[in-house]
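Each remark here refers to the structure printed beneath this line.
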Amino acid sequence: MKEEKINMKKFSKHQSCHPEEHSDEGSQLEILPLHFVQGQNDVLGKPSKNTLSFYFLSIVCSLMSIVYFSGCGYTTKSTLPASIKTIRVEPFKNSINYTEGTGRNIYFPLLEVKARNAVIDRFLFDGNLKVVEPHEADLILEGELKRYQRSGLRFTDDDDVQEYRVHVTVSFELRDTQSGEVSWSEPNFVGEATYFVTGAEARSEESAVDDAIVDLARRIVERTIEDW
């Protein structure tokens, strides 16, 4: 009888349908509330309405962020006075002496036109100043191409050039139309780029000059926007 009572006790401890009758700690079964079981469905692959709403809002916010940032160009931090909102970029002059001993004896057609267009494009991209006609402008920018140079940057063991660096030097003057004064001037403003003449990254000198013009335009706009 004693052994039979022990077996019945074990049976009741593990198989009883009435957990409230168990007295040993750790052996009691806990009846979970309905809302907890429903919450577990989220983990098991059945998301609740609140979870679906959260996911939907997260996706919408992410898409809005992508659209917003992809639609905005890089804007230089401006220190412009509030009264200055527009600029006129005058046609550039080309005063490069291609026969000068220290320069590169090669002519690139319409280089002054490319330089001006690159500066205008950069102002449009930046967005701090609107490019307008002379009678509407708060500022007028004038530029003159002064020098084009090419120098070796990397060499082989036989002293053959592998990579060149090109420089386009321009003088600039920025004038305030309201006061008539020169806001700033720079006699030797330089844009630069590099290019390889051999290997997988080889490209033409003209393409490097185009990159140097783009670099020049970026520097000019940053100087115009920040130097106040």
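Read-outs throughout are calculated quantities, based only on the coordinates presented, and are distinct from any laboratory measurement. Just so we're clear, the structure is a prediction, and the values are computed from it rather than from any experiment. Here Cβ is always computed from backbone atoms with ideal geometry, including for glycine, and neighbour counts include all displayed protein chains.
Which of the GluC sites (Glu not before Pro) found in segment 83-161 are loop residues per DSSP with 11 or fewer other Cβ atoms within 10 Å of their Cβ?
Details: sites: E100, E112, E136, E142, E144; in loops: E100.
The qualifying sites: there are none.
Apply 1/(1 + (r/R0)^6) to the Cβ-Cβ distance of W184 and N97, taking R0 = 35 Å, and write down the FRET efficiency to the nearest 0.05.
Values: r = 26 Å, r/R0 = 0.73.
E between W184 and N97, to the nearest 0.05, is 0.85.
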With each pseudo-label sitting 7 Å past Cα toward Cβ, what's the V197-E222 distance in nm, one decimal?
-> 3.0
Residues meeting the amide H criterion for N94 (H placed from the backbone, H to H distance under 5 Å, 5 or more places apart or on another chain) are L145
Taking the Cβ of Q149 as the center, what net charge do the other residues with Cβ under 10 Å away carry, scoring Lys and Arg +1 and Asp and Glu -1?
-> +2
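Could you tell me which GluC sites (Glu not before Pro) in segment 163-222 are loop residues by DSSP with no more than 11 other beta carbons within 10 angstrom of their beta carbon? Walk me through the numbers on the way to the answer.
Numbers: sites: E163, E173, E181, E192, E201, E205, E206, E222; in loops: E181, E201.
Those satisfying the criteria are E181, E201.
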Please get the size of the charge dipole for segment 86-226, origin at its Cα centre, with Cβ charges of +1 on Lys and Arg and -1 on Asp and Glu, quoted in debye to the nearest 20.
-> 200
Inter-site label distance for T86 and E133 at 7 Å from Cα along Cβ, in nm | 0.9
Could you run the Debye sum over the Cα atoms of segment 114-228, one equal point scatterer each and no solvent, and tell me log10 of I(q)/I(0) at q = 0.09, 0.10, 0.15 Å⁻¹, two decimals?
-> -0.31, -0.37, -0.70
How many angstrom separate the Cα center of segment 142-158 from the Cα center of segment 171-228?
-> 14
